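Trainee: One structure, pasted below without further comment.
Values quoted throughout were computed directly from the atomic coordinates according to the rules given, and no laboratory measurement underlies them. Treat the numbers as computed from the prediction; the structure is a model and nothing was measured. Reconstructed Cβ throughout: ideal geometry from the backbone, glycine too, with neighbour counts over all protein chains shown.
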Amino acid sequence: MTVERRTILKAGLATAASVAMPTVLRAQAAPFRIGLLTVKTGPLAQGGIQMEQGLATFLKEKNNILAGRKVEVIVADTGGNPAGARTKAQEVVERDKVNIILGPLAAFELLALTDYVRQQQIPLISLAAAEDVTQRSTNPWVIRPSATSGQCSHVMGDYAAKEMKLKRVATICEDFAFGHEQVGAFLRVFEENGGKVVKKLWPPLNAPDFTPFIAQIGNVDGVFMGFAGSNPLKFLRAYADLGLKGQIPVTGGWTALDDALLKSFGDEAVGAMSATFYTSDHNTESNKRFVAAMAKDYDVIPGAYSAGMYIAGQCVEAAIAKLDGKTDDKQALMAALKGLSLTDTPRGAFSFDQNGNVVGDVFIRRCERQGGKLVNKTIKTYEKVSQFWTYDPAEFVKQPVYSRDYPPAKNLQ
Amino acid sequence: MAVWSLLAVNSLSLGGLLFLLSAGFSLIFGLMRIPNLMHGSFFMLGAYLGASLLQRGYNFWFAALAASAAMVVIGGLVERLLLRRLAGQELAQVLLTLGLSFVIADLCLMIWTGDPIQPATPAQLGGGVRTLGMFFPIYRLAIIGIAVAIALGLWVLIDWTRLGAMIRAGVDDAPMARVMGIQVSRLFTAVFCIGAALAAFAGVMGSPFLSVYPGLDADMLPLALIVVILGGAGSLLGALVGSFIIGLLYNFGQAMFPDLAYVILFLPMVLVLILRPQGLLGRVQT
């Protein structure tokens, strides 16, 4: 009797289990593993720490479950150099068996590991801006929901020429690829709309003092600066110290006046214009949640580095949902990521182009003092901006990648 | 014209800051033969401490002096507890100071996070002067004055006091100084503390226009190295001359040959190393 009863009980349980099977299976499937390549030591750590905070904020909001799949994050510190990035990519892929990589931070890091990612066929959601990874040598395993180097400065070039009516501009940017690409994009659009870039200045990345460069700015009616990290602070302070603030307007790229830097700036930043893909005053539901959570947990105003990783997290969630939790097929996962079209993200609605780069809004902002605090106030939104701006993609990639000398500046003085 | 006068004044200003940074480095290297690779860390740590005090509303000069005092303590501890044990082992000293500089960099990252801090220019030195067709910030001029004052103070200390005489004796010939009854080991501590304090003071002075950020240490250390190699280790006048040469080369080099900025900065160092390895004003070691 007892035996029979047990058998019946077991059978009953089995039936119950099989009915509940789909959800049980999904909750018990191996966790989805995310490898975050970030920088926690050295000079680039500022952005790297923000990246980690952004992803942590998203996962906390979701209780570490994305579309029914439990998520594990493996955080790897690349040290902010190409060799470290390559090593850590290998580590998270081969040892930790991650399903996807988020990051890295810097363009030269991305360039160091793009071939490895291609060879291992691991989907990667990039924050780094290196243009050609989604242009002339498109990596099919990369999507970039942030922006290429030139994507925002195309917009700044357009705005500077058409709305600010600037005629003669000096550009100043660190002497490395991210700077070259930003300035190239600015110059192209600005000059096609009637402006002239009369001076291009390239301070080395770790110049202690920008005064010798600012001294050469000369006779212009505007400045475009593409500084990153802590350099915008040094630049704007020296600019104000030399009495140029308020006389010659400053425009900048997305790193130059990132919202996360606002607490470090003083009055010298007031009036500076910037073009960016993320602005903390953006009015979407997810952005309000994100800004509130970042303020609560870390006491910061989030900038594009942390927002970029929050958005990357949203991409992962949407792709898992699309595949109904079945993420083992890497090709399918990559296709799902590329086909995403999200509406409620901190940067607004966006989708991806055929190369895996984002098509989304870019915001023009002016830095102002409101109630004692500095804010970047959005004054114009350019909708659905592509990495190719308004150019034909096929024509665009036939030309050389933006560099120190391309497009050629014909109006230098 | 205005550009050139602006660059000239700015050269002196940067030179002044470099002197504050490298005077201590030069003394430490000259006396103790320690290539102190933590010197940039002293600069950065001082700048961070100063910035924290300024954020709490303390007076700028108090912040600068307090940061220097803190670095006297830290420098003293490092010298007494660690470097002392490695006397005469240059490789070990290089590794120790390099290692400590990484430790300090990561501690700073933990304490102050990665966000850059840029303290305001002290109110009484804000604004600028308009002259010779240019506009120049008063604060930068003040740095020149302070550097000159400190150079004079150090000169009096080294050339006119008993302590200075002992330091000079130690630089020239440490074993002989020891034989003469000078407690060279105490001198070492004193000089190391002075050097660390000067670096911290320079850090606070520089923070309103350099800003304070992770990596500041690595940006400043090579500049101190070039200055000392140019001027000659152990020579204060050498550090002063070297600082102003580097200030001039940096400013005019960046303006005239921006593509060769670093070549211009390091080329004189290479020439000096080839033609006059002891530095412009250094003495040949016997």
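Trainee: Using the Cα centre of chain B as the reference point, and only Cβ charges (+1 on K/R, -1 on D/E), how large is the resulting charge dipole? Debye, rounded to the nearest 20.
Mentor: The calculation lands at about 580 debye.
Trainee: If amide H atoms are built 1.01 Å from N in the plane of the peptide, which residues on other chains or at least 5 residues away come under 5 Å of the amide H of A:VAL359?
Mentor: A:SER351, A:PHE352, A:ASP353
Trainee: Just the projected area, averaged over all directions, of the convex hull on the alpha carbon atoms of region B:148-187: how many nm²?
Mentor: 2.8
Trainee: Now a separate question. A:ASN63 to B:VAL94: FRET efficiency via 1/(1 + (r/R0)^6), r the Cβ-Cβ distance, R0 45 Å, to the nearest 0.05?
Mentor: In this case the efficiency is close to 0.35.
Trainee: How far is it, in nm, from the label point at A:THR381 to the one at A:ASP405 when both lie 7 Å from their Cα along the line to the Cβ?
Mentor: Label at A:THR381, label at A:ASP405, 4.2 nm between them.
Trainee: Here's another thing I want to ask about it. Answer with one residue from A:GLY229, A:VAL291, A:GLN121: the one whose Cα lies farthest towards the positive end of the charge dipole of chain A, charges on Cβ with Lys, Arg +1 and Asp, Glu -1.
Mentor: A:VAL291
Trainee: Listed here are the pairs A:LYS196/A:LYS398; A:LYS200/A:LYS377; A:LYS200/A:LYS245; A:LYS165/A:LYS373; which of them are more than 22 Å apart at the Cα?
Mentor: A:LYS196/A:LYS398; A:LYS200/A:LYS377; A:LYS165/A:LYS373
Trainee: Pick from A:THR171, A:THR327, A:THR390: which residue has the top mean-square fluctuation in a GNM of chain A where Cα pairs under 10 Å get a spring?
Mentor: Largest GNM mean-square fluctuation: A:THR390.
Trainee: Can you tell me which lysines have their Cα less than 17 Å from the Cα of A:LYS338? Leave out same-chain residues fewer than eight positions away.
Mentor: Output for A:LYS338: A:LYS322, A:LYS326, A:LYS330, A:LYS384.
Trainee: Bin width 5 Å, origin at 0, all Cα-Cα pairs of region A:113-240: what percent of pairs per bin?
Mentor: In order of increasing distance, the bins hold 2, 10, 19, 18, 17, 14, 9, 6, 3, 1, 0 percent.
Trainee: Hey, what does the equivalent ellipsoid look like for the protein assembly as shown, semi-axes from the Cα gyration tensor as sqrt of 5 times each eigenvalue, largest first, whole Å?
Mentor: 50, 33, 22
Trainee: Return the calculated 222 nm mean residue ellipticity for chain A, to the nearest 500 deg cm²/dmol, obtained by summing -39500 (n - 2.57) across DSSP H runs with n ≥ 4 and dividing by the residue count.
Mentor: So the helix-based figure for chain A works out to -12500 deg cm²/dmol.
Trainee: From the phi angles alone, apply the Karplus equation (6.51, -1.76, 1.60; θ = phi - 60°) to region B:185-200 and give each ³J(HN,Hα) in whole Hz, x where the residue is Gly or Pro.
Mentor: Listing the rounded values in order: 5, 5, 4, 4, 4, 4, 5, 4, 5, 4, x, 5, 5, 4, 4, 5 Hz.
Trainee: Further question on the same structure: Would you pull out the residues with amide H under 5 Å of A:VAL73's amide H, same chain only if 5 or more places away, H placed 1.01 Å from N?
Mentor: Correct list: A:ILE34.
Trainee: What aspartates and glutamates sit close enough to A:LYS296 to cross-link, taking a C-alpha to C-alpha distance under 20 Å and skipping anything fewer than 8 places away on the same chain?
Mentor: Cα-Cα hits under 20 Å: A:GLU52, A:GLU61, A:ASP258, A:ASP259, A:ASP281, A:GLU285, B:ASP115.
Trainee: Can you give the charge dipole size of the protein assembly as shown about its Cα centre, rounded to the nearest 20 debye, using +1 on the beta carbon of Lys and Arg and -1 on the beta carbon of Asp and Glu?
Mentor: 700
Trainee: Suppose the Debye formula is applied to equal point scatterers at every Cα of region B:86-214; what is log10 I(q)/I(0) at q = 0.12 Å⁻¹?
Mentor: Reported log10 I(q)/I(0), two decimals: -0.74.
Trainee: Pull out the extension gain between B:ILE138 and B:ASN59, defined as 0.36 nm times the separation in residues minus the alpha carbon to alpha carbon distance; nm, one decimal.
Mentor: 26.6 nm
Trainee: Read phi for every residue in region B:80-94 and hand back ³J(HN,Hα) as whole Hz from Karplus 6.51 cos²θ - 1.76 cosθ + 1.60, θ = phi - 60°, with x for Gly and Pro.
Mentor: Each residue's phi maps through the Karplus curve to give 5, 8, 10, 4, 3, 6, 10, 3, x, 9, 4, 4, 5, 5, 4 Hz.
Trainee: Let me ask something else. Å³ per residue of the Cα convex hull, for chain B?
Mentor: Taking the convex hull of the Cα positions in chain B, it is 134 Å³ per residue.
Trainee: Please tell me the relative contact order of chain A in percent, rounded to the nearest whole number, where contacts are Cα pairs under 8 Å and at least six residues apart.
Mentor: Once normalised by length, the contact order is 17 percent.
Trainee: Which whole-Hz couplings ³J(HN,Hα) result when phi for each residue of region A:370-382 is put into the Karplus expression 6.51 cos²θ - 1.76 cosθ + 1.60, θ = phi - 60°, listed in order with x for Gly and Pro?
Mentor: 10, x, x, 10, 7, 9, 9, 9, 6, 10, 7, 10, 8
Trainee: Cut-off under 17 Å on the C-alpha distance; same-chain residues fewer than 8 positions from A:LYS162 excluded. Which aspartates and glutamates are left, in chain and number order?
Mentor: The reachable aspartates and glutamates, counting only those whose Cα sits under 17 Å from A:LYS162, are A:GLU191, A:GLU192, A:ASP221, A:GLU383.
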